[in-house]
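Have a look at the structure below before the remarks.
The values are calculated or read from the model by the stated rules, or taken from the named source; none is laboratory data. Bear in mind the structure is a predicted one, so any value in this text is a computation, not a measurement. Here the Cβ positions follow ideal geometry from the backbone for every residue, glycine too, while neighbour counts run over all protein chains shown. Side chains are part of the model used for accessible areas, which takes the heavy atoms of the whole protein and leaves out ligands, DNA and RNA. Shrake-Rupley method; radii C 1.70, N 1.55, O 1.52, S 1.80 Å.
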Amino acid sequence: MHAGHREHHLSGRTAWLRAAVLGANDGLVSTASLIVGVAAAHGSHSNILVAGAAGLVAGAMSMATGEYVSVHSQKDSEQAALDQERMELQANAAAEHKELAAIYVRRGLEPALAKQVAEQLMAHDALGAHARDELGITATQSARPLLAALASAASFTVGAMLPMAVAMLSPYPHLIPIVSAASLLFLALLGALAARAGGAPVLAGAWRVSFWGALAMGITAGIGSALGVEP
């Protein structure tokens with residue numbers, strides 16, 4: 001393999017792509033549904049915008065809080081596993097060496113080579129080798145609660161701003177069809193972009209998010225219409 005050779009694998013995008021798409025999709029669908037629901041209940045234009053803005057802020061904070069708590073729990077679990085592994089290495093390094101060599105044998109190495117690889121890796125960074133190959137914890141995949149929370153809130157906000165901008169510019173009598181159509185278009189583009197970036201079929205990705213977005217807005221509009229009062 002040439003020294004300058006670089007390989008780009010789409011699977012490496014899975015984690016950040018999933019988080020970004022999930023946040024933006026949630027922001028778009030929930031805010032658009034809220035706007036359409038309040039409009040269907042005959043709320044005034046200002047009431048619709050206030051409800052949308054409140055949903056944006058509340059949703060972004062909820063996403064950030066939930067992501068922070070979830071990822072922090074993952075980080076605590078990872079740290080506990082690393083602490084236990086560190087103690088096991090101190091208590092019985094020979095047994096841990098055999099365990100690591102056995103992992104490499106199961107992955108296809110000859111026993112003698114697996115033993116040599118385990119020895120060299122443990123001499124360099126014993127805890128790092130066990131964290132990576134036994135526990136599946138790496139520096140690039142380790143939990144980062146604050147970063148995850150900020151990214152989740154930001155992606156939600158970006159998604160929510162799209163129907164909010166359309167609602168602000170739409171004439172009140174035609175707000176529901178305009179916001180609904182624009183939101184479905186945004187969802188289709190988002191689904192297609194995510195599918196293309198991840199190497200999946202574009203049309204399938206666009207159809208999937210558009211269908212569920214339309215269903216959410218339809219149900220919310222129905223509830224708003226049923227519970228609303230005539231102006």
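Worth pointing out:
- Total residues in region 11-69 satisfying the condition of being at pLDDT below 90, touching a Leu at 6+ places or on another chain (Cβ under 8 Å) and of a type in the set (A, V, I, L, M): the figure is 3.
- Residue satisfying all of: in region 139-182; small (Gly, Ala, Ser) and over 20 Å from the mean Cα position of the chain (by Cα); nearest to ILE48 (Cα to Cα) among these: ALA167
- Checking LEU193, LEU227, LEU187, LEU175 one by one, the residue that is open to solvent by 40 Å² or more (accessible area, probe 1.4 Å) and either in contact (Cβ under 8 Å) with a residue 40 or more places away in the chain or closer than 23 Å to ALA39 by Cβ (or both) is LEU227 and no other.
- Index of the failed condition, ARG208 passing every other in (1) open to solvent by 60 Å² or more (accessible area, probe 1.4 Å); (2) over 17 Å from the mean Cα position of the chain (by Cα); (3) of a type outside the set (A, V, I, L, M, F, W, C): (2)
- Residue within region 151-164 that is hydroxyl-bearing (Ser, Thr, Tyr), touching a Phe, Trp or Tyr at 6+ places or on another chain (Cβ under 9 Å) and open to solvent by less than 50 Å² (accessible area, probe 1.4 Å) present: yes
- Restricting attention to region 63-84, the residues that are surrounded by 16 or more Cβ atoms within 10 Å (Cβ to Cβ) and of a type in the set (Ser, Thr, Tyr) total 1.
- Region 85-96, subset touching a residue at least 24 places away in the same chain (Cβ under 8 Å) and not charged (D, E, K, R), residue most open to solvent (accessible area, probe 1.4 Å): ALA93
- All positions within region 36-72 that are within 13 Å of PRO163 (Cα to Cα) and under 24 Å from the mean Cα position of the chain (by Cα): GLY52, ALA53, GLY55, LEU56
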